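The values are calculated or read from the model by the stated rules, or taken from the named source; none is laboratory data. Just so we're clear, the structure is a prediction, and the values are computed from it rather than from any experiment. Here the Cβ is made from the backbone with ideal geometry for all residues, glycine too, and neighbour counts use every protein chain on show.
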Amino acid sequence: MVNSNTSAPISVDTATSSDPRELYIDLVKKSLTCSLYEGTDGALVKGSVFSTLMRTLLPRDVRLSRPVSKDDRAEGKDWPSLALTMVGQKRLDNVHHCVSTVLKDGVPGDLIETGVWRGGAVILMRAILKAYGVTDRTVFAADSFEGLPKPDAQSYPADKGDRHWTCDELAVSLEQVRANVERYGLLDDQVQFLKGWFKDTLPHAPIERLAVARLDGDMYQSTMDAIEALYPKLQPGGFLIVDDYGAVEGCKQAIHDYRARNNIDEQIETVDWTGIYWRKR
């Protein structure tokens, strides 16, 4: 693990559009959402009898797609065919804001995303550290890399009937995510992968302190497993980000249950239609 005990503030000016570091980060975000060339990326077709039938006939790597609007891509309302993230521009901007703020304020600790899909947010976190020459923080990518678990409705009633585990599009291999990070020239010792279910990997992860934790586990259990293991390590001034708060009721319930149980009353801030975050006192 890279030493994360230092907390010296660094100069970060996200408002300066002429700063080459910020221009690079902005370019990475546009690349990750595949919005550099508008109209070249489509959204995976889901929900129709036709698309389901075609997926049984076509090879797994052949994707059916439909046009996607600029607003949908900004809000993260589609599952892209090509882009390396489905969280959209606004939630990437939120990651940018949170990571830049902890660097500027000298909040100690590493960065983590739990549930990485194709690796887009992890790539952005590492790109920000690279842009500002930060060498004493690690970006952790935690995922099963096999999709989501079947719901344990007996232990977690809020997950009853959850169908995320049936979505093949959510299963992206570790090898593919590593390759995606490498394509951006960012695969090094400052990116560490935690493969397995959160309940097995996160309690024993080699993490002492966290400055930013981004939870993207969709389900109640995945969200609860992540926040229980990670929030005690989140340092004062650090950020807790939740991707699926507005989209999955089980995720929202897990967040409220944990906050109530631990007397957390920091103001929840809205990112977009589904993403939220708050800053730990």
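Considering the range 76-106, and only residues there that are aliphatic (A, V, I, L, M), crowded, with 24+ Cβ neighbours inside 10 Å and in contact with a strand residue (DSSP E or B) (Cβ under 8 Å, 6 or more places away or on another chain), the residue that is farthest from residue 176 (Cα to Cα) turns out to be 102. Among the residues of the range 157-177, the ones that are touching a residue at least 40 places away in the same chain (Cβ under 8 Å), part of a helix (DSSP H, G or I) and not aliphatic (A, V, I, L, M) come to 5 in all. Restricted to the range 1-115, the set of helices (runs of 4 or more DSSP H) holding at least 2 residues that are at pLDDT 85 or above and closer than 28 Å to residue 219 by Cβ comprises 20-32, 70-75, 88-105.
In the same structural domain as residue 223 (by TED's automatic domain parsing), closer than 23 Å to residue 106 by Cα and surrounded by 15 or more Cβ atoms within 10 Å (Cβ to Cβ): does that describe residue 156? Criteria not met by residue 156.
Restricting to the range 189-247, count the residues that are part of a helix (DSSP H, G or I), touching a Leu at 6+ places or on another chain (Cβ under 9 Å) and aliphatic (A, V, I, L, M). Number of matching residues: 5. Picking from residues in the range 120-143 that are within 18 Å of residue 25 (Cα to Cα), touching an Asp or Glu at 6+ places or on another chain (Cβ under 9 Å) and among the small types (Gly, Ala, Ser), the one that is surrounded by the fewest Cβ atoms within 10 Å (Cβ to Cβ) is 131. Of note, residue 135 satisfies the criterion of being in the same structural domain as residue 275 (by TED's automatic domain parsing) and either at pLDDT 95 or above or among the acidic types (Asp, Glu) (or both). Note on the range 197-223: residues that are surrounded by fewer than 24 Cβ atoms within 10 Å (Cβ to Cβ) and either under 16 Å from the mean Cα position of the chain (by Cα) or of a type in the set (Lys, Arg) (or both) amount to 5.
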